[in-house]
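The values are calculated or read from the model by the stated rules, or taken from the named source; none is laboratory data. Being a predicted model, the structure only gives us computed values, none of them experimental. Cβ placement follows ideal geometry from the backbone for every residue including glycine, while neighbour counts extend to all protein chains displayed. Ligands, DNA and RNA are excluded from the accessible area calculation, which covers all protein heavy atoms including side chains. Shrake-Rupley method; radii C 1.70, N 1.55, O 1.52, S 1.80 Å.
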Amino acid sequence: MAEDATTLLKTADGRPLKAALATAQARSRRRAFLLVLPLLAFVLLTFLIPIGYMLKRSFEHDGFSANAPALVQWFAENPGFDPANPPEAAFAALVQDLAKMQADKTTGMVGTRINYTVPGTISLFKSGARAAKDLAPPYKEALLAEDAKWGQPALWRGMYDASSTYTGDFYQVAVDRKLTDDGWARGGDKERIYVYLFVKTFLVSALITVICLLLAFPVSHLLATLPMAKSSLLMILVLLPFWTSLLVRTTAWIALLQEQGVVNNMLVALGLVSDGNRLSMMYNMTGTIVAMTHVLLPFMILPLYSVMRVIPPSYARAARSLGATSWTTFRRVYLPQTLPGIAAGSLLVFILAVGYYITPALVGGADGQLISNLVSFHMTKSNWSLAAALAALLLVAILVLYWVYDRLVGIDRLKFG
Amino acid sequence: MALPTYASPLERVWYYTYLTICVLVFLFLILPVLIVIPLSFNLEPYFSFTEKMLALDPDGYSLRWYDTLLTLGHPTADAPRDNAWWWSAWENATWVKAAKNSLWVGLWATVLATTLGTIAALGLSRPEMPYRRLIMAILISPMIVPIIIIAVGMSFFYAKACVAPDSAVGMITGTFLSTKGCLANSYLGVIVAHAVLGIPFVIITVTATLSGFDQSLIRAAHSLGANPRVTFFKVVAPLILPGVISGALFAFGTSFDEVVAVLFIAGPEQQTIPRQMFNGIREAISPAILAVATILVIFSVALLTVVELLRRRSDRLRGVTGR
């Protein structure tokens, strides 16, 4: 019925009203979108494409596939070969490729690619390539006589995997799986460094989130219940650290917590700690946790405060007047109303903590490093594909958390100051 | 929260405990920021208070670490301080050069982020904006995605984002790019990287300002005969200006404090203050860093004051009382 009525209505120039309205709406949608378009294009070019490119690098490497054509072709023709005992033809192709690598100076690239999955092979490829042109058939015996490592089933598996440009190998390595003579297998407990560091990063981030929540809750409550003039003044104490350079705050914590630092000197002067037993609070996990808590605390206080500010005090008074104790009032009436703030602050702090880099790098020492620092470590060691795979895993975790944040809190509710 | 008159003794005890906890948390927040100020006047190369400093003896304090900021990298540091000396410091001193780089990069990154961000925020605040939620999520993501991931992606991609230096495009853009014509190792690369990192802050502050914006003001302007251009400059712009400026300050602050992207994509030419500090903290840590830190704290106090004044002005203009 309603539809009939609108189709019948006409605008002044005789077009159906519904069509005219749809055109007008489409035009205003287009206009709004055009305003956003320049920024979207900028972000796409300078941010999204670089991240996409990194993801591509995490499962693409042509170091071997582009420089060992004979072996790549042999693998393509014989996919079901026995890695434990490759035939003479495979060795012939390998020797041919090794000679070519030596001529093209690509041994390093090939060795780097194979080294990801079968560690210690860069030197093997280098010496093999040097010797290749002097080898005579039968190549199998000749190459094995050169170095018995050429017979390793793991190496042949690794070369077979590397013969295709696209591979999931780096992800296998990033979750601590090892290429053994029998194929991919879970690494030994001592070799599970990446998974261990991922777990450690999440646990430390959770711990920091909890500490931040415990510290932020009373302060936010005080700020929210004080009269505006006083709370604005106290808010400066929260906002000043928030605005202060991260490096300044990290430097300050080094000055405070190192062995000859302010806190240790004070403890020694007070006689609480003897000069020989100064506490080591810096360049270890303690340093990372303390400094990160300080850096992230404002991100917990601000969302908590903005939620607490609008909780009417009359609810708590009503509960008290109805006979609830102060503890019951807090637990049953006040706390549930602060949950949106707790969720917003905790998720934000957790997300930021999981990806933290600078503070652990500067004050973490050996055991206070997090997953970001490992990514950086592999970047500086030129293990780019592994760095990209680790970063991709971290990115997936962050995006899941970001999605949860958007569902629970809504990104448009983010605010500062 | 004042204590109600009917509070029991236990509640009184709890109330004072609560106040003590609050005071301790505030001290935890503010002391580390303030402690660097007196420490930067240390006469000795230590990161701790000397006995003379604790006794408030003027002999224990000095400006030598501030002096280092001018003399480090100065070719004739010990020469008499005439005009030529000061000019040379301006040209050669490591920290001065880093400060100039930081300001230069920060300025352009801010201009880029604020212009694009404000226009986009105007579109995002329109009720008819399609895919609003998704686009917001994309535009805010540079703040959420760990900086190391951004830096790694950029370092891979910016090394490939090149133009031939002798081509027509290369001639025009060449001065902003590296000698190979790439975004990596260039000022432009650092500027766009910092602009991307500043965009979320501009989007958040400007959309927050626009959320309280009374759309009927635009209709009123139109009905009084103003065309869209006049409406924007005479009605919309003055009202959102405080939000735009605080967004710009956030973007500038982000760039001015950013080190990871610089470490991964910048060349030796683009030495900024945070990078210099980062290297300084990693290698030989000297109180000169504390002197820089003190200057930066004063800088952030100034930024914070401006942002706070702008926020109040914006609230007043929009008729918002309280928070």
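Could you tell me whether A:G111 is within 32 Å of the chain's Cα centre (by Cα), assigned by TED's automatic domain parsing to the domain that holds A:D182 and either under 14 Å from A:A162 (Cα atoms) or not in a helix (DSSP H, G or I) (or both)? The answer is yes for A:G111. Of everything listed in (1) open to solvent by 70 Å² or more (accessible area, probe 1.4 Å); (2) more than 29 Å from A:I411 (Cα to Cα); (3) outside any loop (DSSP other than H, G, I, E, B), the single unmet condition for B:L241 is (2). Pairing each residue of segment B:1-27 that is more than 9 Å from every other protein chain (Cβ to nearest Cβ) and touching a residue at least 24 places away in the same chain (Cβ under 8 Å) with any residue that is assigned to a helix (DSSP H, G or I) and open to solvent by 80 Å² or more (accessible area, probe 1.4 Å), provided the two are 6+ apart or on different chains, yields no C-beta distance under 6 Å.
Evaluation of A:K18 against the conditions (1) closer than 26 Å to A:A154 by Cα; (2) over 28 Å from the mean Cα position of the chain (by Cα) shows that the sole unmet condition is (1). Looking only at residues of segment B:26-72 that are in a helix (DSSP H, G or I) and among the acidic types (D, E), we find that the one that is farthest from B:A89 (Cα to Cα) is B:E51. The requirement of being in contact with a Leu (Cβ under 8 Å, 6 or more places away or on another chain), farther than 19 Å from B:F256 by Cα and either open to solvent by less than 30 Å² (accessible area, probe 1.4 Å) or away from chain A (no Cβ under 14 Å) (or both) is fulfilled somewhere in segment B:101-120, by at least one residue.
Here is a yes/no grid of residues against (1) of a type outside the set (S, T, N, Q); (2) within 39 Å of the chain's Cα centre (by Cα); (3) assigned to a loop (DSSP other than H, G, I, E, B); (4) within 21 Å of A:G168 (Cα to Cα):
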| residue | (1), (2), (3), (4) |
| --- | --- |
| A:A32 | yes, yes, no, no |
| A:P38 | yes, yes, no, no |
| A:F64 | yes, yes, yes, yes |
| A:L71 | yes, yes, no, yes |
| A:A76 | yes, yes, no, yes |
| A:F81 | yes, yes, yes, yes |
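Of the helices (runs of 4 or more DSSP H) lying entirely inside segment B:124-222, those containing at least 3 residues that are more than 9 Å from chain A (Cβ to nearest Cβ) and either open to solvent by 40 Å² or more (accessible area, probe 1.4 Å) or out of contact with any Phe, Trp or Tyr (no Cβ under 7 Å at 6 or more places or on another chain) (or both) span B:168-173, B:187-211. Of the residues making up segment A:222-236, just one is buried (at least 20 other Cβ atoms within 10 Å of the Cβ) and within 7 Å of another protein chain (Cβ to nearest Cβ), namely A:L222. The set of residues in segment A:177-199 being outside any helix (DSSP H, G or I) and under 24 Å from A:M159 (Cβ atoms) consists of A:R177, A:K178, A:L179, A:T180, A:D181, A:D182, A:G183, A:W184, A:A185, A:R186, A:G187, A:G188. Can you tell me which residues in segment A:207-260 are more than 29 Å from B:F47 (Cβ to Cβ) and basic (K, R)? A:K230, the sole residue that qualifies. Restricting B:V292, B:V307 to those that are within 11 Å of chain A (Cβ to nearest Cβ), more than 18 Å from A:A252 (Cβ to Cβ) and crowded, with 21+ Cβ neighbours inside 10 Å reduces the list to B:V307.
Screening A:V354 on (1) facing chain B (nearest Cβ under 8 Å); (2) open to solvent by 10 Å² or more (accessible area, probe 1.4 Å) shows it passes everything except condition (2). Within segment A:3-10, none of the residues are in contact with a Gly (Cβ under 9 Å, 6 or more places away or on another chain), away from chain B (no Cβ under 13 Å) and either surrounded by 13 or more Cβ atoms within 10 Å (Cβ to Cβ) or not in a loop (DSSP other than H, G, I, E, B) (or both). Among residues of segment B:38-49 being within 9 Å of chain A (Cβ to nearest Cβ) and touching a Gly at 6+ places or on another chain (Cβ under 9 Å), the one that is surrounded by the most Cβ atoms within 10 Å (Cβ to Cβ) is B:F47. Only one residue in A:L135, A:L143 is open to solvent by less than 10 Å² (accessible area, probe 1.4 Å) and assigned by TED's automatic domain parsing to the domain that holds A:F170, so which one is that? One residue alone meets the criteria, A:L143.
Here is a yes/no grid of residues against (1) touching a Ser or Thr at 6+ places or on another chain (Cβ under 9 Å); (2) on the phi > 0 side of the Ramachandran plot; (3) open to solvent by 60 Å² or more (accessible area, probe 1.4 Å):
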{"position": "B:V36", "(1), (2), (3)": "yes, no, no"}
{"position": "B:E51", "(1), (2), (3)": "no, no, yes"}
{"position": "B:D59", "(1), (2), (3)": "no, no, yes"}
{"position": "B:L69", "(1), (2), (3)": "yes, no, no"}
{"position": "B:P75", "(1), (2), (3)": "yes, no, yes"}
{"position": "B:R81", "(1), (2), (3)": "no, no, yes"}
{"position": "B:A84", "(1), (2), (3)": "yes, no, yes"}
